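The values are calculated or read from the model by the stated rules, or taken from the named source; none is laboratory data. Being a predicted model, the structure only gives us computed values, none of them experimental. So basically every Cβ, Gly included, is an ideal-geometry build from the backbone, and we count neighbours across all protein chains shown. Areas reflect the complete protein model, heavy atoms only, side chains present, ligands, DNA and RNA absent. Shrake-Rupley method; radii C 1.70, N 1.55, O 1.52, S 1.80 Å.
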Amino acid sequence: MNEFDLFRRNAVDVIEARELEKRLASAAAQGKKLRIKFGMDPSSPDLHLGHSVQLLRLRAMQELGHQIVLIVGDATAMVGDPSGRNKLRPQLSRIDVERNLVTYTDQAARVLDMSKTEVHRNSEWFDAMRFEDVLRLAAKATVARMLERDTFEKRMEAREPIGVHEFLYPLMQGWDSVMIKCDVEIGGTDQLFNLLVGRELQEREGQIPQICLTFPLINGLDGRKMSKSYGNAIQLTESPNEMFGKVMSLSDAVMPMWFDTLTALDTAERDALLAGHPREAKARLAAEITSFYHGPAAASAAREAFDRQFRDKEAPEDVPEVDVSSRLPAEGLPLMVLLRDLELASSSSEARRTIEQGGVKLDGEIVRDPKYIVTALAESLLVQFGKRKFQRWR
RNA sequence: GGGGAGAUUCCAGAGCGGCCAAAUGGGCCAGACUGUAAAUCUGGUGGUAUCACCUUCGGCGGUUCGAAUCCGCCUCUCCCCA
């Protein structure tokens, strides 16, 4: 794959492809690096695989020798990006933003070589702005232009609130591009509008407008758009076992997209896997992803643990032990109460329901009576609550 | 400044004096089946040592034997007109 194709691999929008080709050529001819910007909004503390789609592209570009510039949108975060949202985002305090910022750069380091990455927070330039500077910036856009944006349009239709400050977000993001003299900005497809505003502002400031590349917003485990608030995302910091297991719970239909955007496998290899057994394909996908973040050894261990627990339906190796005997009165305690007290169930009602539905096993035997009395334990007791929670009681 | 609409259980969204712990869908949990924590089907989904009580329908008061449902004020939101 040549440089041009590597840049636009998986890209949905390329504005403009010919400009990109030319710029790559002239950069190569002059031995210059392109400055490639990616903005992160530290409004929630964790990055997930959805973000990694972009990070992986950045890594590829970094490996080609280009300069990655991460913008941590600490100033922008206090506005709240309206992209892909149909609700007003809460504005964050400086303290929240600071805390998230640290975890963000740590997590980005799981994909990028941070020693070669330039990092800026956009408060570097926005904090110095006076109100008149803000007005001057705001004057560079029109309300009509802002309303073209489909997220605003939808919210207008749905009669949902739009804060005036939200109109500033695209301008701020665009201004970031001006400040760092950006050559290429990448983002999710929902960022296209913001990226284009960057082009306009750069042009007004006499810079060559940036190339804009957008990449797919991937679907989450349940097939809906991946989002932390849907609970269908996989965090970059997740343990190998969790990461592997969660990928295995991916809806089949989403597999092709994940292969393309989250692994380095080429199309032929992907197609061969998808033509085979779906479970094998998914296991390979899970292994690829887990291995990228945790290494091959951890990935194969995760696979073994998964097969053991879910295919062979055996208890995992590392079942936590809990001392139960010391808290048992002579007459014992009902199972539902113990399950709650030991935090396997969040309430005794939940414990009761799960027991009645046949979801609780003691030493492999289903117990259906919530009032089953647990008395002094002669030997240890293996407790399974639902599919995934295990404890060994002593 | 004026007029109208609305705030419901995790989310969306019904309910509009008792039959409402509150329809339906999504999510989630469990079970069956299986290829897996896929798909599909079934059941469950406020709390309580649980079958009777307790706390929920933006907030505070009020009317009533009885309120998510009626009234008053407050907070927040949306739309239209200016």
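Some notes on this structure:
- Assessment of segment A:216-232 against the conditions (at pLDDT below 85, open to solvent by less than 50 Å² (accessible area, probe 1.4 Å) and not in a loop (DSSP other than H, G, I, E, B)) yields no matching residue.
- None of A:Val12, A:Val53 is in contact (Cβ under 8 Å) with a residue 60 or more places away in the chain, closer than 22 Å to A:Asp260 by Cβ and open to solvent by 70 Å² or more (accessible area, probe 1.4 Å) except A:Val12.
- Within segment A:234-268, the set of residues being within 14 Å of the chain's Cα centre (by Cα) and either within 11 Å of RNA strand B (Cβ to nearest atom) or free of Cβ contacts under 8 Å to residues at least 24 places away in the same chain (or both) comprises A:Ile234, A:Glu238, A:Met243, A:Lys246, A:Val247.
- In segment A:343-363, residue farthest from RNA strand B (Cβ to nearest atom) [restricted to those that are among the acidic types (Asp, Glu) and under 33 Å from the mean Cα position of the chain (by Cα)]: A:Glu343
- Failed item, numbered, when A:Ala27 is tested on (1) hydrophobic (A, V, I, L, M, F, W, C); (2) modelled with pLDDT under 90; (3) buried (at least 21 other Cβ atoms within 10 Å of the Cβ): (3)
- Some residue of segment A:158-168 being of a type in the set (Lys, Arg) and not in a loop (DSSP other than H, G, I, E, B): no
- Screening the candidates A:Arg392, A:Arg340, A:Arg368 for the property of being at negative phi and near RNA strand B (Cβ under 8 Å from one of its atoms) yields one hit, A:Arg340.
- Summed over segment A:318-329, residues that are away from RNA strand B (no atom under 11 Å from the Cβ), in contact (Cβ under 8 Å) with a residue 12 or more places away in the chain and open to solvent by 80 Å² or more (accessible area, probe 1.4 Å) total 2.
- Residues being open to solvent by 40 Å² or more (accessible area, probe 1.4 Å) and free of Cβ contacts under 8 Å to residues at least 12 places away in the same chain - total across segment A:15-24: 2
- Filtered residues of segment A:110-157 (kept if basic (Lys, Arg), within 28 Å of the chain's Cα centre (by Cα) and part of a helix (DSSP H, G or I)): A:Lys116, A:Lys154, A:Arg155
- Checked against the criterion of being outside any helix (DSSP H, G or I), at pLDDT below 90 and either closer than 16 Å to A:Asp176 by Cα or not assigned by TED's automatic domain parsing to the domain that holds A:Ile289 (or both), segment A:97-109 has no qualifying residue.
- Where helices (runs of 4 or more DSSP H) fall wholly inside segment A:1-69, the ranges with 1 or more residues that are closer than 25 Å to A:Leu236 by Cα and either in contact with a helix residue (DSSP H, G or I) (Cβ under 7 Å, 6 or more places away or on another chain) or in the same structural domain as A:Asp106 (by TED's automatic domain parsing) (or both) are A:3-7, A:49-63.
- Number of residues in segment A:349-374 that are part of a loop (DSSP other than H, G, I, E, B) and open to solvent by 70 Å² or more (accessible area, probe 1.4 Å) equals 6.
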